[in-house]
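Notes for the one structure printed next.
Bear in mind that the values in this text are calculations on the coordinates, not laboratory data. What you see is a predicted model; the values in this text were computed from it and never measured. All Cβ positions, glycine included, derive from the backbone under ideal geometry; neighbour counts span all protein chains shown.
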Amino acid sequence: MPANTLFKPYAPLIYILTGVVPFGVGTLLAGVAGFPVRWGVFLAGALALTALILAALGSRLIFAPTEGRWPGQGFLSPEGAGTLAYAAVGLAAVLGLILQFWWQTGKWTIPLGGLGILCSYFFFAPPFQWHQRGLGEVVGGLCFGLLPVAAGLYLQTGHLLTEGLLYGLPLTFAAFNLFLIHGFPHLEGAEPPLRHSLAARLGPVAGALIFTVVNILTIAGLVFALLFPANPLPFRTGFVLLIILAVFNQELIKRKDYLREAGIDRLCFLTWAMHFLMGLVFAISLWRRW
């Protein structure tokens, strides 16, 4: 069954989990580093992040309902999508104020929230519309990788740790490829594809080459974590399985699955699985170190 068909009823929940897990990784990293973890802060931050993801969903349904291969077309009417987007942005803003002034999470809390709004609602909405500027994959990679890890860590500690890069960068690379594959144009259909994503702008072969380079960086990050862990690394098996999955995805690229509609759909699912499972492996490893 095609991934888009499989995901359609659960699209918001699936991508909310994909975004929130890296935030949990940053929170657990704070505990591993010896800082007290305030679970109220975690819940408020996770709810704010959920609101930002819903704001991006609403924005897409308003301004770019047919953009890319992301599931969820027809999930809401344009009026309902507008209500969702504006309510979600408002909720995220209120939670940001509560975190900074009630929980005293640090002076960068509101700027982090503002950056989240710029990268979520304005991913599709004017005037920024990052998806139309050839920056969608980069912005998406950061928002589902390094930024939520850093936010989860910062809200607990008030500052950042270099170990966050060990987890944030591989997640960013995996998320970049997730956005890259979802930007491959449909091979079937009468209408010409919108030339907004990297794959649509540069063509499928160049898109596959970019995927390969970023996938190698993902594998390198996982290998580095295995060989040079900050502490004795629990759940090493999970890291090895992630490397195997990344190699399998690369084999599909080598076999030019990106030139077949069913192959792109399969890659959409597997790149999502790669990112989501990576976040879970990191979270389990940190939990066992705590």
Exercise. Using the Cα atoms as the points, what is the convex hull volume per residue of the stretch 227-276 in Å³?
Worked result: 78
For this session: Assuming R0 = 41 Å, can you tell me the calculated FRET efficiency for the pair His159 and Val247, based on Cβ-Cβ distance, to the nearest 0.05?
Result: 0.70
For this session: Normalise the Cα radius of gyration of the stretch 174-283 by 2.2 N^0.38 Å (N = residues in it) and let me know the number.
Result: 1.16
Exercise. Counting only the backbone N, which residues of the stretch 129-159 are under 12 Å from the spot 7 Å out from the Cα of Val37 toward its beta-carbon?
Worked result: 153, 156
Exercise. How large is the dipole of the chain about the Cα centre if only Lys and Arg carry +1 and Asp and Glu carry -1, each at its Cβ, rounded to the nearest 20 debye?
Worked result: 400
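Calculate, in nm to one decimal, what Ile284 and Leu17 gain on full extension: separation in residues at 0.36 nm each, minus their alpha carbon distance.
Going from the current span to full extension adds 94.6 nm.
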Exercise. How much length, in nm to one decimal, is gained on full extension between Phe228 and Ala87, taken as 0.36 nm per residue of separation minus their Cα-Cα distance?
Worked result: 46.4 nm
Exercise. Once the dipole of the chain is set up with Lys and Arg at +1 and Asp and Glu at -1 on Cβ about the Cα centre, which of Ala175, Gln129, Leu286 lies farthest towards its positive end?
Worked result: Leu286
For this session: Taking the dipole about the Cα centre of the chain, with the C-beta of Lys and Arg at +1 and of Asp and Glu at -1, give me whichever of Ile110, Tyr15, Val223 is farthest to the positive side.
Result: Val223
Exercise. With the contact rule set at Cα under 8 Å and sequence spacing of 6 or more, what percent relative contact order holds for the stretch 60-190?
Worked result: 25
Exercise. (i) 19.8; (ii) 15.8; (iii) 14.3: which one is mean projected area of the Cα convex hull in nm² as calculated from this entry?
Worked result: (iii)
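Compute the relative contact order of the stretch 110-256 as a whole-number percentage, counting only Cα pairs closer than 8 Å that sit 6 or more residues apart in sequence.
Numbers: 144 pairs, mean separation 28.1, N = 147.
It comes to 19 percent, rounded to a whole number.
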Exercise. Counting only the backbone N, which residues of the stretch 135-162 are under 14 Å from the spot 7 Å out from the Cα of Ala206 toward its beta-carbon?
Worked result: 135
Problem set entry | Convex hull (Cα only) mean projected area of the stretch 31-156, reported in nm² to one decimal | 8.0
For this session: Go from 0 up to the bin containing the longest alpha carbon distance in the stretch 161-229, width 5 Å each, and give me the % of pairs per bin.
Result: 3, 17, 22, 18, 13, 10, 8, 5, 3, 1, 0
Exercise. Just how far, in whole angstrom, is the stretch 124-184 from the stretch 10-32 if you go by their alpha carbon centroids?
Worked result: 12
For this session: Sort out for me the Cα centre separation of the stretch 240-290 from the stretch 195-217, rounded to whole Å.
Result: 16
Exercise. Mind listing the phi-derived Karplus ³J(HN,Hα) values for the stretch 82-87, rounded to whole Hz, using 6.51, -1.76 and 1.60 with θ = phi - 60°, and x for any glycine or proline?
Worked result: x, 4, 4, 4, 5, 5
Seminar exercise, completed: Dividing the mean separation of Cα pairs under 8 Å (6+ apart) by the residue count of the stretch 11-108 yields a relative contact order in percent of 31
